[in-house]
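The values are calculated or read from the model by the stated rules, or taken from the named source; none is laboratory data. Just so it is clear, the model here is predicted, and its values are computed rather than measured. For neighbour counting, all protein chains shown are included, and Cβ atoms are generated from backbone atoms with ideal geometry for every residue, glycine included. Quick note on the areas: whole protein, heavy atoms, side chains included, nothing else; ligands and nucleic acids left out. Shrake-Rupley method; radii C 1.70, N 1.55, O 1.52, S 1.80 Å.
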Amino acid sequence: MRKPPELMKKCSLLLLLFFVPISLLLAQDFSNRGKDFWLAYPAHIDNTNSRMALYISSTENTSGQIDLDGKTIPFTVTANQATTIQIPPTFYLVYNSQADGINAAKGIHITSLKPVVVYAHILNAARSGSTLVFPTNVLGKEYVSLNFTQTTNQGRSQITVVATEDNTTVEFNLKANSSGAPVRIAGQAYTISLNKGDVYQVQSLSDLTGSSIRSISTTGSTCKPIAVFTGSTWTGFCSPTITSTNGGDNLFQQIFPSNAWGRNYITAPFARKLSDIYRIIVKDPTTVVSLNGTVINAATIKQNSYYDFVSSQPNIITADKPILVVQYMTSQSCDAGNIGDPEMVTINPLEQTINNVSVVSARRDLTPPNTNITSHYLNVLMKTANTGSLKIDGAVPAASWVPIPNSAYSYLREDVTVSTQTNPSHNIQADSGFIAIAYGMGNVESYGYNAGTNIVDLNPPVTIQNPFPN
């Protein structure tokens, strides 16, 4: 029986309405490449004697600008080259020193004509911390803080939030009492109101890992995306329980929104270190987590939020609910003379791999006065069957792939120290997905960051609306 023309028209229109949003979704870029970014300049142990450097790269020629402190810094990027922008806090007044409070309109806004990749580095006197910066379109509304045990009175654990829109309300629930005034009591939620470009920062003498940060809706206003940076002004450590008083760095990391966490992770050890520290963050303390095939004892959970372990080998981490994994580099002073001081890097879940990225190695002369960094590496992890397709700067890697036991994956540690002297920007690409970390170290100093990632919402709500009454 032939359908009435009116019904056929309605069905066709309904199909069109259903399929067009899906195609638009698939066309969107949810990677760390973007044309609009917001970031903050969190506190450093050396205060305004420190400096921030932005490393900007792209696969094509482009230009853009950085808006901060009522001023503008124009920039250009040559394809596959690194552009460095220095932000001295004595000229651009965007440094956030407050132990608790709002720094109005002190966010840093980066825009470009074509997609770019951005890394931020805060450093001074052999004390470096660095992070990959996420574009505005992938920012979320709920986060969990990443920090570390603090060395008494020498540094502060901290959370720094940037609002991307006016009328933004952010709720905090800290895992430790704050060190500012007023004192924010652990476990007692409180809210802060921000406008576009405002920065709020809170600090603690204790470890804030596991603290929740949520953009919430209020009367007349919906919840808005926010950029969240966590870490510390300075900390030194040899293990999860042994802190170092004479070898430390600031920790600086933009964190994944909670909806982008995954259930499956693999890790590779840093070069030139005896072992690394890992922290597995859980939102739900009932999450069952396995490390290399063995379920972690739930009684060892800390602050009801995370597990720590130390390893010198690659690791396979799985869970029955979303988790986040962080890898820490230890202090040189307690690592048998191996170079490099503390650093933290957020690891991509296997659900958020990439297949092409241009990453910048923080060569020591990119941010005069020169750093102590002398060695640069790329850690890459991917399925063993696909390793033959991976190229670094257009060539087959010099390093050998190392199979990870009891898995379908392998890793390599590529030394790019020599090539970085010519060009600090390195392109990594393959026919299938991989995970990559860029890092480097020198005498009592290091940097490290996630080379690139997808930041797809792995648990999106699904709704279907029928615009027709029948």
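A few points about this structure:
- Cα extents for the chain along the principal axes, largest to smallest and rounded to whole angstrom: 83, 55, 53.
- Seen from every direction in turn and averaged, the convex hull around the alpha carbons of the stretch 375-414 projects onto 2.9 nm².
- Of interest is the spacing of the C-alpha centroids, which for the stretch 392-414 and the stretch 299-377 amounts to 18 Å.
- When each of the peptides 31-37, 339-345, 253-259 is scored by how many other beta carbons lie within 10 Å of its residues on average, the order from highest to lowest is 339-345, 253-259, 31-37.
- Structure-based [θ]222 nm, the chain - -39500 (n - 2.57) summed over DSSP H runs of at least 4, per residue, nearest 500: -2000 deg cm²/dmol
- When the chain is described by a simple charge dipole with +1 on each Lys and Arg Cβ and -1 on each Asp and Glu Cβ, the residue from GLY340, SER389, LEU274 located farthest towards its positive end is SER389.
- In the context of the full set of protein chains, residues of the stretch 107-204 present 31 Å² of accessible surface per residue (probe radius 1.4 Å, heavy atoms only).
- Pairs from LYS35/LYS71; LYS175/LYS273; LYS302/LYS383; LYS35/LYS391 whose Cα-Cα separation, in the structure shown, is over 24 Å: LYS175/LYS273; LYS302/LYS383; LYS35/LYS391
- When the solvent-accessible area of the chain is split by element, carbon and sulfur atoms take up 53 percent of it, the probe being 1.4 Å.
- Packing rank of 174-181, 442-449, where each peptide gets the mean count of other beta carbons within 10 Å, highest leading: 442-449, 174-181
- Measuring nothing but how far apart in sequence close Cα pairs (under 8 Å, 6+ apart) lie, relative to its length, the stretch 268-340 scores a relative contact order of 46 percent.
- A crude spin-label estimate for the pair ASN137 and LYS391, with each label 7 Å from Cα along the Cβ direction, gives 2.6 nm.
- Anchor LYS321: aspartates and glutamates whose Cα lies under 19 Å away (excluding residues fewer than 8 positions away in-chain): GLU142, ASP284, ASP308, GLU351, ASP457
- In straight-distance terms, cross-link reach from LYS106 covers every one of the aspartates and glutamates whose alpha-carbon lies under 13 Å from its own, apart from those fewer than eight places away in the same chain; here that gives ASP67, ASP69, ASP198.
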